[in-house]
Amino acid sequence: QVQLVESGGGLVQPGGSLRLSCAASGSIFSVNAMGWYRQAPGKQRELVASITSGSVTTYTDSVKGRFTISRDNAKNMLYLQMNSLKPEDTAVYYCNADIRPDWRPPVLRYWGQGTQVTVSS
(Lines give C-alpha, C1' and ligand atoms only; values in the text may rest on other atoms or scores of the structure.)
Protein backbone atom coordinates (compact mmCIF):
# COMPACT_ATOMS: atom_id res chain seq x y z
CA GLN A 1 0.00 0.00 0.00
CA VAL A 2 1.31 3.44 -0.97
CA GLN A 3 0.68 6.58 1.07
CA LEU A 4 1.36 10.24 0.40
CA VAL A 5 1.43 12.52 3.43
CA GLU A 6 1.69 16.32 3.15
CA SER A 7 2.96 18.66 5.84
CA GLY A 8 3.99 22.28 6.24
CA GLY A 9 0.73 24.12 5.72
CA GLY A 10 -0.50 26.86 8.02
CA LEU A 11 -1.43 30.50 8.41
CA VAL A 12 0.94 33.10 6.98
CA GLN A 13 0.74 36.82 6.32
CA PRO A 14 0.77 38.20 2.78
CA GLY A 15 4.32 38.34 1.50
CA GLY A 16 5.39 35.48 3.73
CA SER A 17 6.75 32.04 2.88
CA LEU A 18 5.88 28.42 3.53
CA ARG A 19 7.48 25.15 2.52
CA LEU A 20 5.25 22.17 1.88
CA SER A 21 6.56 18.63 2.01
CA CYS A 22 5.08 15.38 0.74
CA ALA A 23 6.41 12.00 1.81
CA ALA A 24 5.68 8.89 -0.25
CA SER A 25 5.89 5.60 1.61
CA GLY A 26 4.91 1.98 1.31
CA SER A 27 5.43 -0.45 -1.54
CA ILE A 28 7.26 1.70 -4.11
CA PHE A 29 9.25 0.35 -7.06
CA SER A 30 9.60 3.65 -8.91
CA VAL A 31 8.17 7.17 -8.85
CA ASN A 32 7.48 9.02 -12.09
CA ALA A 33 6.00 12.51 -12.25
CA MET A 34 4.94 14.27 -9.06
CA GLY A 35 2.90 17.40 -8.59
CA TRP A 36 1.15 19.87 -6.34
CA TYR A 37 -2.50 20.80 -6.82
CA ARG A 38 -4.66 23.19 -4.86
CA GLN A 39 -8.36 23.72 -4.33
CA ALA A 40 -9.86 26.91 -2.98
CA PRO A 41 -13.42 27.03 -1.59
CA GLY A 42 -15.96 26.99 -4.40
CA LYS A 43 -13.31 26.41 -7.07
CA GLN A 44 -12.05 23.45 -9.02
CA ARG A 45 -8.81 21.75 -8.12
CA GLU A 46 -5.96 23.18 -10.21
CA LEU A 47 -2.43 22.10 -10.98
CA VAL A 48 0.09 24.39 -9.30
CA ALA A 49 3.36 22.76 -10.31
CA SER A 50 4.71 19.45 -11.54
CA ILE A 51 8.10 17.78 -11.78
CA THR A 52 9.24 14.77 -13.77
CA SER A 53 11.56 12.05 -12.54
CA GLY A 54 14.31 13.95 -14.35
CA SER A 55 13.40 17.16 -12.52
CA VAL A 56 11.82 18.99 -15.45
CA THR A 57 9.37 21.44 -13.89
CA THR A 58 6.21 23.25 -14.96
CA TYR A 59 4.21 25.93 -13.14
CA THR A 60 0.85 27.55 -13.51
CA ASP A 61 1.25 31.18 -14.55
CA SER A 62 -0.01 32.65 -11.28
CA VAL A 63 2.86 31.14 -9.24
CA LYS A 64 5.77 31.50 -11.65
CA GLY A 65 8.67 33.29 -10.00
CA ARG A 66 7.20 32.77 -6.53
CA PHE A 67 6.93 28.99 -6.05
CA THR A 68 9.60 26.34 -6.56
CA ILE A 69 8.89 22.62 -6.82
CA SER A 70 11.63 20.11 -6.07
CA ARG A 71 12.05 16.44 -5.19
CA ASP A 72 14.46 14.11 -3.45
CA ASN A 73 14.32 10.84 -5.38
CA ALA A 74 16.40 8.95 -2.81
CA LYS A 75 13.89 9.79 -0.06
CA ASN A 76 10.71 9.76 -2.22
CA MET A 77 10.02 13.32 -1.08
CA LEU A 78 8.35 16.21 -2.88
CA TYR A 79 8.60 19.87 -1.85
CA LEU A 80 6.97 23.17 -2.70
CA GLN A 81 8.72 26.36 -1.60
CA MET A 82 6.18 29.17 -1.64
CA ASN A 83 7.43 32.76 -1.40
CA SER A 84 5.67 36.13 -1.70
CA LEU A 85 2.40 34.49 -0.77
CA LYS A 86 -0.84 36.25 -1.64
CA PRO A 87 -4.36 35.88 -0.21
CA GLU A 88 -5.41 34.25 -3.48
CA ASP A 89 -2.97 31.42 -2.76
CA THR A 90 -5.25 30.33 0.08
CA ALA A 91 -6.38 26.76 -0.59
CA VAL A 92 -5.97 23.15 0.39
CA TYR A 93 -2.81 21.89 -1.26
CA TYR A 94 -2.56 18.28 -2.41
CA CYS A 95 0.42 16.34 -3.65
CA ASN A 96 0.18 13.54 -6.15
CA ALA A 97 2.58 11.05 -7.63
CA ASP A 98 2.58 8.50 -10.43
CA ILE A 99 4.01 5.40 -8.77
CA ARG A 100 4.75 1.87 -9.84
CA PRO A 101 4.21 -0.22 -6.69
CA ASP A 102 6.28 -3.13 -7.98
CA TRP A 103 8.19 -4.23 -11.09
CA ARG A 104 5.00 -4.97 -12.99
CA PRO A 105 2.86 -2.33 -14.73
CA PRO A 106 0.74 -0.30 -14.35
CA VAL A 107 1.77 3.04 -12.95
CA LEU A 108 -0.87 4.29 -10.55
CA ARG A 109 -1.69 7.84 -9.44
CA TYR A 110 -1.81 8.46 -5.71
CA TRP A 111 -3.00 11.51 -3.77
CA GLY A 112 -2.26 12.91 -0.35
CA GLN A 113 -4.94 14.03 2.08
CA GLY A 114 -4.19 17.73 1.65
CA THR A 115 -2.78 20.49 3.83
CA GLN A 116 -4.42 23.87 4.40
CA VAL A 117 -2.57 27.04 3.42
CA THR A 118 -4.15 30.31 4.55
CA VAL A 119 -2.68 33.66 3.57
CA SER A 120 -4.21 36.44 5.61
CA SER A 121 -3.26 39.45 7.69
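The values are calculated or read from the model by the stated rules, or taken from the named source; none is laboratory data. These figures come from a predicted structure and were not determined experimentally. Don't worry about glycine lacking a Cβ; one is built from the backbone with ideal geometry, like all the others, and counts go over all protein chains shown. Remember, those area values only see protein heavy atoms, side chains included, never the ligands or the DNA or RNA. Shrake-Rupley method; radii C 1.70, N 1.55, O 1.52, S 1.80 Å.
A straight chain from ASN32 to ASP72 at 0.36 nm per residue would run longer than the Cα-Cα distance by 13.2 nm.
Just round it to a whole percent: the fraction of Cα-Cα distances in the chain exceeding 16 Å. Counting pairs separated by more than 16 Å, the tail of P(r) holds 58 percent. Ordered from longest to shortest, the equivalent ellipsoid semi-axes for segment 61-121 are 28, 13, 10 Å, each the square root of 5 times a Cα gyration tensor eigenvalue. One equal scatterer on each Cα of segment 23-64, no solvent, Debye formula: the resulting log10 I(q)/I(0) at q = 0.18, 0.32, 0.34 Å⁻¹ is -0.64, -1.10, -1.15. Proximity of backbone amide H atoms, modeled 1.01 Å from N, is registered between SER53 and ALA33 at under 5 Å, excluding neighbours fewer than 5 places apart on the same chain. For segment 52-91, the Kirkwood estimate of hydrodynamic radius, built from reciprocal distances between every pair of different alpha carbons, is 11.4 Å.
Measuring nothing but protein heavy atoms, the accessible surface of the chain at 1.4 Å probe radius is 49 percent carbon and sulfur.
Taken per residue, the accessible surface of the chain reaches 53 Å², heavy atoms only and a 1.4 Å probe.
Rounded to the nearest 20, the Cβ-based charge dipole of the chain about its Cα centre (Lys and Arg +1, Asp and Glu -1) stands at 60 debye.
Proximity of backbone amide H atoms, modeled 1.01 Å from N, is registered between SER30 and ARG100 at under 5 Å, excluding neighbours fewer than 5 places apart on the same chain.
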